[in-house]
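Notes for the one structure printed next.
Please treat every number below as a calculation from the coordinates, not as lab data. The model shown is predicted, which means the values in this text are computed figures rather than measured ones. For neighbour counting, all protein chains shown are included, and Cβ atoms are generated from backbone atoms with ideal geometry for every residue, glycine included.
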Ligand SMILES: C[S@@+](CC[C@H](N)C(=O)[O-])C[C@H]1O[C@@H](n2cnc3c(N)ncnc32)[C@H](O)[C@@H]1O
Ligand SMILES: [Zn+2]
């Protein structure tokens with residue numbers, strides 16, 4: 001639940017700024033060594049049934065023109081974590097197809113961990129790990145060389161590229 005009295009999650013490693021990728025994002029406030037636990041991704045622990053319900057509500061909200069942000073993380077087979085609360089600062093980390101962080105489950109909690117050394121001032125990103133379902137709903141603006149144009153997990157990006165190539169072949173060239 002959103003609770004105005006709850007303190008915002010803080011990290012000595014990261015601060016909030018307007019992002020070149022989308023909306024606001026989290027940036028390294030100092031050099032971060034590879035493997036550092038940068039910030040905990042906090043939220044409400046919910047059952048899968050509740051998670052499905054909230055995902056359906058999100059979809060319907062998106063269809064009506066609302067923002068389509070996804071904040072649900074899988075904890076285990078029975079539970080997910082809904083990190084949509086305002087106080088969960090880590091919810092503002094954007095996706096990149098060439099991410100410098102990853103989400104890591106550590107004893108039932110979710111942490112954002114540096115995948116490599118990160119320079120002060122770099123935007124922190126991780127791979128959202130989205131599957132192929134509704135991939136067109138999530139265009140990607142990470143701007144990296146590895147970007148597939150849509151937010152899809154690394155393993156599936158080749159499928160997106162293949163579909164886009166096939167579509168480009170079917171579209172008659174205009175001169
Ligand atoms: C969890 S929010 C991240 C914080 C967001 N930047 C904000 O200001 O609210 C996730 C949403 O941010 C946007 N987003 C994150 N990464 C993106 C990317 N690489 N390209 C385009 N949009 C992105 C998408 O709308 C996504 O649903
Ligand atoms: Zn991308």
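Here is the size of the chain from its Cα atoms: Rg then Dmax, 17.2, 60 Å.
Could you grab the relative contact order for region 50-175? Cα pairs under 8 Å, six or more apart, rounded to a whole percent. Intermediate results must be reported in sequence, preceding the final value.
Working: 149 pairs, mean separation 22.1, N = 126.
Once normalised by length, the contact order is 18 percent.
The relative contact order of region 74-148 comes to 33 percent, based on Cα pairs under 8 Å that sit 6 or more residues apart. Counted by neighbouring Cβ atoms within 10 Å, the residues 21, 118 run from fewest to most as 21, 118.
Computed over the chain, the per-residue total of -39500 (n - 2.57) for DSSP H runs of n ≥ 4 gives a 222 nm mean residue ellipticity of -5500 deg cm²/dmol, rounded to 500. Taking the DSSP beta bridges with both ends in the chain, the antiparallel portion is around 95 percent.
Ordering 158-168, 98-108 by mean Cβ neighbour count within 10 Å, with the highest value first, yields 98-108, 158-168. Computed over region 12-98, the percent of Cα pairs more than 20 Å apart is 45.
I need the calculated FRET efficiency for the pair residue 47 and residue 10, taking r as the beta carbon distance and R₀ as 41 Å, to the nearest 0.05. With R0 = 41 Å, the Cβ-Cβ based efficiency is 0.90.
Using the C-alpha atoms of region 112-175, what convex hull volume per residue, in cubic angstrom, is computed? The partial results should precede the final answer.
On the way: hull volume 8.3 nm³, N = 64.
Convex hull volume per residue, Cα atoms: 130 Å³.
So for region 53-110, Kirkwood radius off the Cα pairs, Stokes-Einstein at 4 °C and 1.567 mPa s: how many µm² s⁻¹? For the chosen part, D equals 99 µm²/s.
Extension gain for the segment residue 146 to residue 29, taken as residue separation times 0.36 nm less the Cα-Cα distance, is 39.6 nm to one decimal.
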